[in-house]
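Scroll down for the structure; my scribbles are underneath it.
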Amino acid sequence: MSTKSDLLDLLKKNIGKAVSGQQAADLLGVSRNAVWKAVSHLKEEGYPIESRTKAGYCLTALPDQLTQEAVEKDVHADIDVIVKDTVSSTNDLVKAGDWGDRPVVIIANRQTGGRGRLGRKFESPGGVGIYISFGMKPSFSIAHSPFVTMAAAVAVCRAVEKVVGIETNIKWVNDIYYNRKKVCGILTEAQTNMETGVIDRLIIGIGINCFPGSFPPEIAHKAGSLADHAGAFSRSALAAELINQVCSIMNDVEDRSFLTEYRRRCFILGEQIYVHPLSSDKEIPARALAIEDDGGLLVEYLDGENAGNREVLRTGEISIRLHDQENVPRT
Ligand code: ATP
Ligand code: BTN
């Protein structure tokens with residue numbers, strides 16, 4: 001366990017009462033400086049900790065907790081719900097489980113090995129986010145699976161609007177933005193039965209930054225959160241609504257009726273973007289024009305020998321950078 005989580009446990013046990021820096025240092029077997037640093041990190045993550053002169057540090061309220069009971073009470077969908085504190089990756093946990101035919105959803109308060117596409121890291125600090133993975137046997141043919149991520153993105157926006165009361169937007173194809181910062185990423189994976197070659201289960205993983213967390217410098221410029229302080233809304237309520245919305249929108253994957261809303265929420269349409277082919281270091285300036293009926297992104301290149309050429313991009317081959325986030329290090 002880290003000093004930060006040990007200190008948090010100590011402050012929680014003494015909620016409303018001050019614990020002196022020296023007392024905390026002695027109990028945790030660390031220096032006062034280490035305690036001070038851990039307090040700073042916890043404050044950055046949104047924990048309401050007061051530094052009281054001569055008395056010490058006081059956690060004034062219990063931050064919003066993700067609990068099985070609180071989530072389950074608002075879930076109307078027919079799905080098994082499992083809430084955990086810390087896991088490596090909820091996607092991996094769903095994959096590893098033998099859940100039978102019933103859909104399952106695993107939610108974690110923190111991930112130590114959260115990942116995005118191509119094994120990239122998805123920062124998943126505790127107490128400030130929701131990390132959730134659905135395991136579902138698709139009722140539709142595999143030909144429709146490219147639309148699952150897009151449908152899930154719309155479901156996230158609907159759930160956020162209902163519970164948090166703010167309008168979020170989509171960056172094609174799998175990211176949700178608020179105030180031009182990424183607040184959510186989606187990673188859909190398929191589990192195939194090696195004997196039959198049929199998709200057994202779709203794993204839809206969604207990570208949402210609810211409250212400010214401490215992010216490493218490489219992503220600090222682009223990662224945002226839905227609210228500016230911990231406890232601004234209930235993470236359990238958002239998780240429950242997300243489960244309801246995802247389960248419901250999966251019925252629309254075949255007829256793609258969610259595409260109109262996807263297009264409306266896709267804020268890059270009409271904007272200048274950078275197309276980054278995953279196979280190279282190039283950043284190609286382009287204008288995003290439209291989402292095609294097959295889910296591809298139609299762009300027109302703006303520079304060089306390709307200027308004026310149009311192409312429909314498919315997810316998996318490329319990443320999209322925003323024009324105003326171009327001059328920052330790639331992660
Ligand atoms: P992007 O355009 O943001 O790189 P992507 O969909 O192309 O997204 P993925 O590789 O699937 O990329 O997502 C992982 C990326 O998301 C990381 O490389 C990092 O840039 C960013 N990231 C990691 N953790 C978080 C987080 N908690 N919030 C926002 N962005 C994050
Ligand atoms: C992205 O940023 O584009 C995708 C990130 C997906 C992160 C979620 S968090 C829950 C689930 N578990 C993981 O390891 N990844 C997904």
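The values are calculated or read from the model by the stated rules, or taken from the named source; none is laboratory data. Please read all numbers here as calculations on a predicted model, not as lab measurements. Neighbour counts are summed over all protein chains in view; Cβ atoms, including those assigned to glycine, are modelled from backbone coordinates with ideal geometry. The accessibility values were calculated without ligands, DNA or RNA, using every heavy atom of the protein model including side chains. Shrake-Rupley method; radii C 1.70, N 1.55, O 1.52, S 1.80 Å.
Some observations on this one:
- Index of the failed condition, I203 passing every other in (1) within 19 Å of G116 (Cα to Cα); (2) within 13 Å of the chain's Cα centre (by Cα); (3) open to solvent by less than 20 Å² (accessible area, probe 1.4 Å): (2)
- Scanning the range 169-197 for residues that are open to solvent by 40 Å² or more (accessible area, probe 1.4 Å), farther than 22 Å from E292 by Cα and in contact (Cβ under 8 Å) with a residue 24 or more places away in the chain returns Y178, N179, R180, K181, K182, A190, Q191.
- Matching residues in the range 34-63 - criterion: being open to solvent by less than 50 Å² (accessible area, probe 1.4 Å) and over 28 Å from the mean Cα position of the chain (by Cα): A34, V35, A55, G56, Y57, C58
- Selection within the range 105-137 - farther than 19 Å from R235 by Cα and either more than 12 Å from ligand 2 (Cβ to nearest atom) or not assigned by TED's automatic domain parsing to the domain that holds I249 (or both): M136, K137
- Whenever a residue of the range 115-134 is within 26 Å of W99 (Cβ to Cβ), its partners that are among the aromatic types (F, W, Y) and more than 8 Å from ligand 1 (Cβ to nearest atom), lying with C-beta atoms within less than 7 angstrom and at least six residues away or across chains, give the pairs S124/Y131.
- Some residue of the range 114-130 being outside any loop (DSSP other than H, G, I, E, B) and open to solvent by less than 10 Å² (accessible area, probe 1.4 Å): yes
- When restricted to residues that are out of contact with any Asp or Glu (no Cβ under 8 Å at 6 or more places or on another chain) and more than 13 Å from ligand 2 (Cβ to nearest atom), the range 161-177 contains 4.
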